[in-house]
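> One structure is given below, represented as structure tokens, and several questions about it will come after.
The values are calculated or read from the model by the stated rules, or taken from the named source; none is laboratory data. For clarity, every value in this text was computed on a predicted model and none was experimentally measured. For neighbour counting, all protein chains shown are included, and Cβ atoms are generated from backbone atoms with ideal geometry for every residue, glycine included.
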Amino acid sequence: MYLCTMKAVVDDKIPYIQGSIEKIADTVVYLPGNEIGAEDVRDADILIVRTRTRCDRNLLEGSRVQIIATATIGYDHIDTEYLQEAGIKWTNCPGCNATSVAQYIHSCLLLLKRERGFQLNQLTIGIVGVGHVGSAVQKAIAPLGVRILLNDPPRALKEKGESEIKFCNMQQIQDEADIITFHTPLIQTGDFPTYHLADETFFERLKKQPVLINSGRGEVVDNTTLLKAIEKKQVSEAIIDTWENEPHLNLSLLNKVYIGTPHIAGYSADGKANATRMSLEAICNHFGIEAEFHIEAPALPSTFIPDSDAEELSLQLYNPHHDSNRLKQHPENFEKLRGDYPLRREHL
């Protein structure tokens, strides 16, 4: 169903959207996300973006944009206060790529087992941030036999006395965890800020030289301090997917990490399809349009031959080393590696 004269501006790297957004908007303009400017959106009604488009007064003042859909879980790039002031609705896609990130963590653990000799069923893993993604990670790694500690102060406070989940404090994770993985949003202020949650004090309090994993928000881990922590052997390994100052990485840190990837933990085709579908559904709901599109991730090529071994199959479907090797060889291609990401499925 068309709404005549409706215009949408869309990040040209959002997958599986062409042919579907055209059923909603009469005019659709596709642009690189980091190049979308005020003139581009001045006469647009709909804006569909990813993290590379800063949605604030500079972009939107004087435009006729009614709704912004970011096809991402995170919304650090959305100036929510300005949008409220301007009467512009916005929506993100919570949980869209949670199982994709869980696949990333699961495969990283398998590599630690194979290449570093980790006996996973004898280890403790601390999950910091137990929302959609952290919960999916917990579910994915539990079959490996690991002991899991859950840390989420705002959720623990909200669910106090109501939840069966046993949350622990950060000190317990610093004392007991062999692996620590971060899945928090980026929160700058308030009672539970996460900006530089892993700072110098955090690393100094670690007891077990753990593996540190960050596939949440880059600024949750102080990258300069992490490099020092690796050099001081406060952590034994680092696996980093989200970085401070993307796409301008700390190259010394990139060269030190066990696995370093270009912010693609959530980039499975399944997660991307979910995000696109959720974004379009939100737009349809806003305008009272019946959703008349069908978005699914493409199938794996017919040449894919699944291994009978479950662990081998998991690494067939996704081996983080491939992404890490590409980034370490050409860190200057950070954005290109994200934008031209190959087909990756979470399952057959």
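> Hey, can you tell me all the residues within the range 227-260 that are surrounded by fewer than 20 Cβ atoms within 10 Å (Cβ to Cβ) and of a type in the set (Gly, Ala, Ser)?
Selection gives SER236, SER252.
> When you look at LEU83, is it closer than 20 Å to ILE240 by Cβ and over 12 Å from the mean Cα position of the chain (by Cα), yes or no?
On the way: closer than 20 Å to ILE240 by Cβ: no; over 12 Å from the mean Cα position of the chain (by Cα): yes.
Answer is no for this residue.
> Identify the single condition in (1) surrounded by fewer than 18 Cβ atoms within 10 Å (Cβ to Cβ); (2) in contact with a strand residue (DSSP E or B) (Cβ under 8 Å, 6 or more places away or on another chain); (3) closer than 17 Å to ASN285 by Cβ that THR91 does not satisfy, given that it satisfies every other one.
Looking at each condition in turn, THR91 falls short on (1).
> Here is a further query. Search the range 62-88 for residues being in a loop (DSSP other than H, G, I, E, B) and among the small types (Gly, Ala, Ser), and hand back the single one that is surrounded by the most Cβ atoms within 10 Å (Cβ to Cβ). It would help to see each step written out before you state the result.
Going through the range 62-88, the residues in a loop (DSSP other than H, G, I, E, B) turn out to be 62-66, 71-77, 79, 87-88.
Going one step further and asking which of them are among the small types (Gly, Ala, Ser), we end up with 62-63, 71, 74, 87.
Details: GLY62: 10, SER63: 19, ALA71: 28, GLY74: 19, GLY87: 7.
This residue is ALA71.
> Let me ask something else about it. Which residues, taken from the range 41-61, are within 27 Å of the chain's Cα centre (by Cα) and either in a strand (DSSP E or B) or more than 26 Å from ALA291 (Cβ to Cβ) (or both)?
Residues satisfying the conditions are ILE46, LEU47, ILE48, VAL49, ARG52, ARG54, CYS55, ASP56, ARG57, ASN58, LEU59.
> Further, regarding this structure: It is to be established whether one or more residues within the range 151-161 are over 26 Å from GLN209 (Cβ atoms), among the charged types (D, E, K, R), part of a loop (DSSP other than H, G, I, E, B) and outside the structural domain of ALA25 (by TED's automatic domain parsing). Even if it seems obvious, please write down each step before you answer.
Filtering the range 151-161 for residues over 26 Å from GLN209 (Cβ atoms) gives 154-161.
Narrowing further to those that are among the charged types (D, E, K, R): 155, 158-160.
Add one more test, that the residue is part of a loop (DSSP other than H, G, I, E, B), and what stays is 159-160.
After this cut, where a residue has to be outside the structural domain of ALA25 (by TED's automatic domain parsing) as well, the list is 159-160.
Yes, the range 151-161 contains a residue that is over 26 Å from GLN209 (Cβ atoms), among the charged types (D, E, K, R), part of a loop (DSSP other than H, G, I, E, B) and outside the structural domain of ALA25 (by TED's automatic domain parsing).
> Looking at the range 113-125, is at least one residue buried (at least 20 other Cβ atoms within 10 Å of the Cβ), modelled with pLDDT of 95 or more, more than 14 Å from SER215 (Cβ to Cβ) and among the polar types (S, T, N, Q)?
no
> List the residue pairs whose Cβ atoms are under 9 Å apart, where the first residue sits in the range 308-321 and is closer than 13 Å to LEU348 by Cα, the second is acidic (Asp, Glu) and crowded, with 17+ Cβ neighbours inside 10 Å, and the two are 6 or more positions apart or on different chains.
LEU317/GLU346; TYR318/GLU346
> Right, ALA177: among the small types (Gly, Ala, Ser) and at pLDDT below 95 or not? Lay out the reasoning, then the answer.
Numbers: among the small types (Gly, Ala, Ser): yes; at pLDDT below 95: no.
No; evaluated as a whole, the condition is false for this residue.
> Take the range 6-32 and flag every residue that is outside any loop (DSSP other than H, G, I, E, B), modelled with pLDDT under 95 and under 23 Å from the mean Cα position of the chain (by Cα).
none
> Now for a different question. Could you tell me whether any residue of the range 286-294 is outside any loop (DSSP other than H, G, I, E, B) and more than 30 Å from ALA238 (Cβ to Cβ)? If you could, list the steps in order and put the result at the bottom.
Narrowing the range 286-294 to residues outside any loop (DSSP other than H, G, I, E, B): 286-287.
Subset that is more than 30 Å from ALA238 (Cβ to Cβ): 286-287.
The answer is yes; a qualifying residue exists.
> Scanning for something without any contact (Cβ under 8 Å) to a residue 40 or more places away in the chain and surrounded by 18 or more Cβ atoms within 10 Å (Cβ to Cβ), does the range 294-301 turn up at least one residue?
Within the range 294-301 (the criterion being without any contact (Cβ under 8 Å) to a residue 40 or more places away in the chain and surrounded by 18 or more Cβ atoms within 10 Å (Cβ to Cβ)), the answer is no, since none of the residues qualifies.
> Also, quick follow-up: If we scan the range 269-285, do we find a residue that is exposed (fewer than 14 other Cβ atoms within 10 Å of the Cβ) and over 25 Å from TYR75 (Cα atoms)?
First, the residues of the range 269-285 that are exposed (fewer than 14 other Cβ atoms within 10 Å of the Cβ): 285.
Still in the list and also over 25 Å from TYR75 (Cα atoms): none.
Scanning the range 269-285 turns up no residue that is exposed (fewer than 14 other Cβ atoms within 10 Å of the Cβ) and over 25 Å from TYR75 (Cα atoms).
> Now for a separate question. When ASP191 is evaluated against the numbered criteria (1) farther than 18 Å from ALA238 by Cβ; (2) under 18 Å from the mean Cα position of the chain (by Cα), which criterion, by number, is the only one it fails?
So the condition that ASP191 fails would be (2).
> Exactly one of (1) within 21 Å of PRO94 (Cβ to Cβ); (2) in a helix (DSSP H, G or I); (3) touching a Lys or Arg at 6+ places or on another chain (Cβ under 9 Å) is unmet by ASN274. Its number?
(3)
> Restricting the search to the range 191-234, which residues are in a loop (DSSP other than H, G, I, E, B) and over 17 Å from ASN151 (Cβ atoms)? Break it down stepwise before answering.
Residues of the range 191-234 in a loop (DSSP other than H, G, I, E, B): 191-197, 199, 205-210, 215-217, 222, 232-234.
Selection gives GLN209, ASP222, LYS232, LYS233, GLN234.
> Here is a follow-up. Please work out if ALA102 is small (Gly, Ala, Ser), outside the structural domain of ILE14 (by TED's automatic domain parsing), surrounded by fewer than 16 Cβ atoms within 10 Å (Cβ to Cβ) and within 27 Å of ALA275 (Cα to Cα). Don't jump to the end; show me each part of the working.
Numbers: small (Gly, Ala, Ser): yes; outside the structural domain of ILE14 (by TED's automatic domain parsing): yes; surrounded by fewer than 16 Cβ atoms within 10 Å (Cβ to Cβ): no; within 27 Å of ALA275 (Cα to Cα): yes.
Answer is no for this residue.
> For residues that are charged (D, E, K, R), more than 22 Å from LYS113 (Cα to Cα) and touching a Leu at 6+ places or on another chain (Cβ under 9 Å), scanning just the range 176-226, find the one that is surrounded by the fewest Cβ atoms within 10 Å (Cβ to Cβ).
Restricting attention to the range 176-226, the residues satisfying the condition of being charged (D, E, K, R) are 176, 178, 191, 199-200, 204-205, 207-208, 217, 219, 222.
Narrowing further to those that are more than 22 Å from LYS113 (Cα to Cα): 191, 199-200, 204-205, 217, 219, 222.
Next, only the ones that are touching a Leu at 6+ places or on another chain (Cβ under 9 Å) stay: 191, 217, 219, 222.
Working: ASP191: 8, ARG217: 25, GLU219: 20, ASP222: 19.
Filtering first and then ranking leaves ASP191.
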